[in-house]
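Every number in this text was worked out from the coordinates using simple rules, so none of it is lab data. Since we're looking at a predicted model, the values are computed, not measured. Note that we place each Cβ from the backbone using ideal geometry, even for glycine, and neighbour counts take in every protein chain shown.
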């Protein structure tokens, strides 16, 4: 990290004899130096360009505040990237805040859905789609909960939550009441669809941040400046788990499943099969307290094992101000690792999956916390931006105290985001400075989504910025490796293939991933899976282990394209195999 | 850590020449009269012979300041944020004034740097710290502070560079090797971090944090035996150290020692729960205004010291009073103000400050000792006796209370046997020259010249240059 930030020094020697020659020689040297300098600046193999202005997106986030410092203002919000109209490209759904007590507005803000028109143009179709919820948006998940072939959307709000069922015609219907998932009046956080009991439909995990009421709002000052109180001033609450009844309704099984017996300050969550036993587990990043890792016993009963698995705390046994959490196999050892973002003064934490149910905090030895210490960090993901076969890490940054510079000038409210490049040997280096103008934007970012918005093969980035317009980054990485995008279509298992475990084998390269619904910082993205293959120009085999289903094997797959793998259409299908 | 200056009176033991109790007895026989005279004379002699150090400071008359700057009631009409802003403004103005009034001193520059740091402007703080270094490059504490500035920005190499400068000046400075190790860990230079921590524990043998970090590093390097021993050392020093138990739990889990892992996990959870409860209590008592006032009180205290050292006692008093108003529970401020009052012979005011200290910290022996000594000066023997007894009660292991009470009795001309017992106790606890002197006095008043001489000889041996001890010795010897 420090090597890359050292700057580039150039030396020159210009001893000419004649003035004209001397000038010409000097000029050439200058040109050469400038070229070298620009080349050196562009040396990072990853290039992210800011294309926000050309997209037509006019959404501006509001946190609904009016200076009274309600805690939820600081944590809004996530976003969703998904193909809402099933036309083959990724659309964007932004969550918005809503007026809080004391805030008056002429027009109430709402969430916004932008349809991808191609070529980096997006159209606001919120009204038409009927998905402009005016609740206080915090977390979102997308999943085909009714298995009718199109993605539905669940909003985890401050206030009543909302389940929008996709009508398959570009519109949505609010079916919250019928489904029974409004979840009362809580301060929401991350949320996920997952099949907890392998019965083929998507259940719903709903995290709750904390217990809040206007009457018990805590106001504080630091060095005389009004600040938001930290969550410890508010009691923690347990999360909720709803089992899909298969008929459009859900049943609250929070207590009986075990998850409702643990109160925490839940924020980002991700669901994955961390122990490779064929079912989906749940990792919750709890703010200011130990994280939770709920291990699924295969039937939808969960045991909290974070402490035993060494994911509750960092390597020193300290709790973190956990914000966002994502999973990915950064070292290609076949096991999903976790990356958890956190508060200022703490490094974001990389938990390496040791494969035996245990993890290890490898942040320091891998350099994967570089740049995060002075910042508050939020949305994040493991993404192979240059498709060299190793997943990089993107971290969205921005303080939650909007006046922090007044009492702590070691940090800033707005901040540049961070890009950590995976060097392929288990380490990361900070290439933020060398990865294009998109990495120079300074806003107060929150949720982030990662998907191929222009279908050119590589992964782009959409960032939700607090109180501002979003940031859209196009991946223009100059030399990408070969790649493969995988879309799953469940038949007997859930239609989106959520929870399905995919293994791609290409020569000596073996990559894994899973389809997730809801991840990072209270966001949703990556319904398609992205595999970077480096120099490998063909895929020998793809194994898909469906949650609650068998294993499909697809062989000799050509690369540099998007493939749709349908359950049951692979060769060598095995039933009920464990990985 | 609380530090207080001890009133000069205590150090010199005898702060005056107590009047002999007037003899109200009717006509006595000659032997009685003679005995009485001898007692009186001996008392007088001991008083003369005892340490009597004149005040170092001139006896200036200090008038109570009615300056408008003394804001007794801070910001009652102001919102807390407004009061904090006003405090900050006043502190900065004070610091500026100090720099003007003491242009040749780096203390005001350092104070300004600390002030900006406390108010969250580390950049400006660094400017002043660097100015301090320009004038005095031999300031390891300043290099240490600057190091942390860079550490917080994740600029590890710069942090290490400054900390190494601190070590060049003072190789035994505590904590710096530990801080360097943290930065090296940030750079994943584990072997070097271990070296630094090993150095740190040689200097600071009670650094539980360094032992814990050593445990962490050895664990990562799979040297499990060393990891375990370092975690355990950390716990020996700090038994309620949850992180060290977490380390042992992690280690045991790695080694598949299930029973140990469970035991350590249970302990970790218990301590962690206690920590969380403590944090909750802290949250409940957080008071930004009170914290800012405490910080400001420190500034006024330092400023008051500067003016006092510079001879401007009036200004010093004004600032120290402001400090005690801002933070009424700051013992250092109260102690410093008391010291100033003693310097200016305002004993009653000084006693008032020590009384206040005793309310804040009733178990502090020094303030009771000072109350006693100063009460003696005012001839308030009852109050003095009460104070000395309090010293004995709260700190039976120090000799001062016994000695001073013994002296009180000797001067009062009563309780000589008890005085002797007290003096013997003092000597037994701390065989100092002064204690021996008092023992000599007590023995003599009890008619035990032999032991009186033994005691004064001890005192002379410990302080051969003390002529007063010699005088007393000669006197007793001549009598015998």
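Just the number, please: Stokes-Einstein D of the range A:286-350 in µm²/s, Kirkwood Rh from C-alpha pairs, 20 °C, 1.002 mPa s. Please report the intermediate quantities before stating the final value.
Details: Rh = 12.6 Å.
In µm²/s, the coefficient rounds to 170.
Just to verify a number: FRET efficiency for residue A:333 and residue B:191, C-beta to C-beta distance, R0 = 35 Å, to 0.05?
0.85
Please state, to two decimals, what the Cα-based radius of gyration of the range A:78-223 comes to when divided by 2.2 N^0.38 Å (N = residues).
1.12
What does the average come to when, for each residue of peptide B:284-290, you count the partner chain Cβ atoms lying within 10 Å of its Cβ? If you can, show how the numbers build up before the last one.
Details: counts 1, 0, 6, 2, 9, 2, 0.
Shielding by partners across B:284-290 averages 3.
Given N residues in the protein assembly as shown, what is its alpha carbon radius of gyration divided by 2.2 N^0.38 Å?
1.20
Taking the Kirkwood radius as the inverse of the mean 1/r across Cα pairs, report the Rg/Rh of the range A:355-420.
Across the range A:355-420, the Cα-based Rg/Rh ratio is 1.08.
With labels modelled as points extended 7 Å from the Cα through the Cβ direction, what inter-label distance (nm, one decimal) is found for residue B:134 paired with residue B:378?
Placing both labels 7 Å beyond Cα along the Cβ direction yields 5.0 nm.
Take residue A:177, project a point 7 Å from its Cα along the Cβ direction, then tell me which residues of the range A:129-145 have their backbone nitrogen under 19 Å from it.
Once the point is set 7 Å along Cα→Cβ of residue A:177, A:130-136 turn out to lie under 19 Å by backbone N, inside the range A:129-145.
Based solely on C-alpha atoms, express the radius of gyration and the Dmax of the range B:116-183 in angstrom.
Radius of gyration, then largest Cα-Cα span, for the range B:116-183: 11.3, 31 Å.
Stick to the Cα atoms of the range B:226-280, pair each with every other, and give me the Kirkwood hydrodynamic radius in Å at one decimal.
11.2
Quick one: A:192, A:272, fewest Cβ neighbours within 10 Å first, how do they rank?
Ascending Cβ contact count within 10 Å gives the list A:272, A:192.
How high is the relative contact order of the range B:412-478, in percent, with contacts defined as C-alpha pairs under 8 Å that are six or more residues apart?
Worked out over the range B:412-478, it gives 27 percent.
I'd like to know how the range A:495-579 sits against the 2.2 N^0.38 Å rule of thumb: what's its Cα Rg over that expected value? Write down the numbers at each step before the final one.
Numbers: Rg = 13.0 Å, N = 85, 2.2 N^0.38 = 11.9 Å.
Relative to the rule-of-thumb radius for its length, the range A:495-579 sits at 1.09.
Report the Cα-based extents of the range A:132-174 along its three principal axes, largest first, to the nearest Å.
For the range A:132-174, the Cα spread along each principal axis is 29, 15, 11 Å.
Just the projected area, averaged over all directions, of the convex hull on the alpha carbon atoms of the range B:188-308: how many nm²?
So the mean shadow area of the Cα hull is 11.0 nm².
Starting from the Cα gyration tensor of the range A:401-446, multiply each eigenvalue by 5, take the square root, and state the resulting semi-axes largest first in whole Å.
26, 13, 8
Cα convex hull of the range B:93-220: how many Å³ per residue?
107
Between residue A:167 and residue A:537, what is the label-to-label distance in nm when each label sits 7 Å out along the Cα-to-Cβ direction?
5.0
Please check which bits of the range A:292-335 a label hung off residue B:240 would reach, taking the label as a point 7 Å along Cα-to-C-beta and the cut-off as backbone N under 20 Å.
A:317-319
Report Rg/Rh for the range A:163-304, rounded to two decimals, where Rg is the Cα radius of gyration and Rh the Kirkwood radius.
1.04
So, by mean Cβ neighbours within 10 angstrom, what's the order for B:190-201, B:363-374 with the highest one leading?
Numbers: B:190-201: 19.5, B:363-374: 25.4.
Going by the mean number of other Cβ atoms within 10 Å, highest first, we get B:363-374, B:190-201.
For the range A:148-238, just the Cα atoms, rotate onto the principal axes and tell me the three extents in Å, largest first.
Principal axes ranked by extent give 55, 30, 20 Å for the Cα atoms.
What FRET efficiency comes out for residue B:101 versus residue A:409 if R0 is 35 angstrom and r is the Cβ-Cβ distance? Round to the nearest 0.05. Let's see the in-between values first.
On the way: r = 29 Å, r/R0 = 0.81.
Efficiency for this residue pair is about 0.75.
List, largest first, the extents of the alpha carbons of chain A along their principal axes, each in whole Å.
In descending order, the Cα extents are 89, 66, 50 Å.
Counting only other chains, and only Cβ atoms inside 10 Å, what mean value do you get across the residues of B:152-158?
Mean shielding count: 5.
Tell me, what is the FRET efficiency for residue A:299 and residue B:352 to the nearest 0.05, using R0 = 51 angstrom and their Cβ-Cβ distance as r?
Working: r = 74 Å, r/R0 = 1.46.
The pair residue A:299/residue B:352 has a calculated efficiency of 0.10.
Hey, could you grab the Kirkwood Rh for the range A:422-579? Inverse mean 1/r over distinct alpha carbon pairs, Å, one decimal.
Final number for the Kirkwood radius of the range A:422-579 is 17.2 Å.
May I ask you to list the residues of the range B:369-391 whose amide nitrogen lies under 15 Å from a point 7 Å from Cα along the Cα→beta-carbon direction of residue B:421?
Only B:389 pass the distance filter.
At 7 Å along the Cα-to-beta-carbon direction for both residue B:462 and residue B:260, put a label point, then send me their distance in nm to one decimal.
Result: 5.1 nm between the two label points.
Sort A:499-507, A:128-136 for me by packing, meaning the mean count of neighbouring Cβ atoms within 10 Å per residue, highest on top. Intermediate values should be presented prior to the final figure.
Numbers: A:499-507: 22.4, A:128-136: 20.2.
Descending packing order for the listed peptides: A:499-507, A:128-136.
Would you mind checking the radius of gyration and Dmax of the range A:250-338 based on alpha-carbon positions, in Å?
Using the Cα atoms of the range A:250-338, the pair Rg, Dmax is 12.9, 40 Å.
Determine, for B:357, B:173, the number of other Cβ atoms within 10 Å of each Cβ, and report the residues in order from fewest to most.
Lowest to highest Cβ neighbour count: B:173, B:357.
Need one number: the % of Cα-Cα pairs in the range A:385-491 sitting beyond the 17 Å mark. Don't jump to the answer; show the numbers that get you there.
Working: 3357 of 5671 pairs.
For the range A:385-491, the share of Cα pairs beyond 17 Å comes to 59 percent.
Using only helices, what value at 222 nm comes out for chain A when you add -39,500 (n - 2.57) per DSSP H run of length 4 or more and divide by the total residues, to the nearest 500 deg cm²/dmol?
Computed ellipticity for chain A at 222 nm equals -2000 deg cm²/dmol.
Name the shape class, rounded, prolate or oblate, that the alpha-carbon gyration tensor gives for the range B:347-459, where a ≥ b ≥ c are the square roots of its eigenvalues, rounded holds for a/c under 1.5, and otherwise prolate holds if a/b is larger than b/c and oblate otherwise.
Here the range B:347-459 falls in the prolate category.
Stretch residue B:273-residue B:389 to full length: gain in nm at 0.36 nm per residue minus the Cα-Cα span?
Answer, rounded to one decimal: 37.6 nm.
Need one number: convex hull volume per residue for the range B:272-373, Cα atoms only, in Å³.
114
Compute the Rg/Rh shape ratio of the range A:302-412: radius of gyration over Kirkwood radius, all on alpha-carbon atoms.
That ratio is 1.00, to two decimals.
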